[in-house]
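Report on the structure given below.
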Amino acid sequence: MQIGVVSGTVVSSHKDPRLSGCKLLVVRQVDLEGRPSGPYVVAVDAVGAGPGEYVLFATGSSARQTDATENRPVDCTIMAIVDMWEVDGVVHYQKDAPVSVAEE
């Protein structure tokens, strides 16, 4: 799994019937500081994520291991909304934490 941020949405009126009912979101991988570090990908949202939220996403065959994506033609799935991440005792992100003036 990778950490990413939801950057947008995708609307498609014509698609494979197995994608019917799937919410599609644009996600960009981020590094441990929350800075963009990878390309944009389109992911099926299995957890109700929204724009600006940090998420865990999986690609490849792992993307089809959720109830929402089983037996569907998907290669990327959002599997969790991140509340916090900590590495080596340092919290790098805390959802709903106050933003300091220097960070704005």
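The values are calculated or read from the model by the stated rules, or taken from the named source; none is laboratory data. All figures in this text were calculated on a predicted structure; none of them were measured in a lab. Cβ sites come from the backbone with ideal geometry, for glycine too, and all protein chains shown count toward neighbours. The accessibility values were calculated without ligands, DNA or RNA, using every heavy atom of the protein model including side chains. Shrake-Rupley method; radii C 1.70, N 1.55, O 1.52, S 1.80 Å.
Here are the numbers:
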read-out	value
Tyr93 vs. criteria at pLDDT 90 or above, in a strand (DSSP E or B), of a type in the set (Phe, Trp, Tyr) and open to solvent by less than 80 Å² (accessible area, probe 1.4 Å)	yes
Tabulated pairs, region 26-41, first farther than 13 Å from Ile78 by Cβ, second of a type in the set (S, T, N, Q) and exposed (fewer than 15 other Cβ atoms within 10 Å of the Cβ), C-beta under 8 angstrom, 6+ apart or interchain	Val30/Ser37; Asp31/Ser37; Tyr40/Ser7
Odd one out for Val44, checked against (1) exposed (fewer than 15 other Cβ atoms within 10 Å of the Cβ); (2) part of a strand (DSSP E or B)	(1)
Selection count where residues are outside any loop (DSSP other than H, G, I, E, B) and either surrounded by fewer than 17 Cβ atoms within 10 Å (Cβ to Cβ) or of a type in the set (Asp, Glu) (or both), scope region 52-77	4
Subset of region 6-23 [open to solvent by 30 Å² or more (accessible area, probe 1.4 Å) and part of a strand (DSSP E or B)]	Ser7, Thr9, Val10
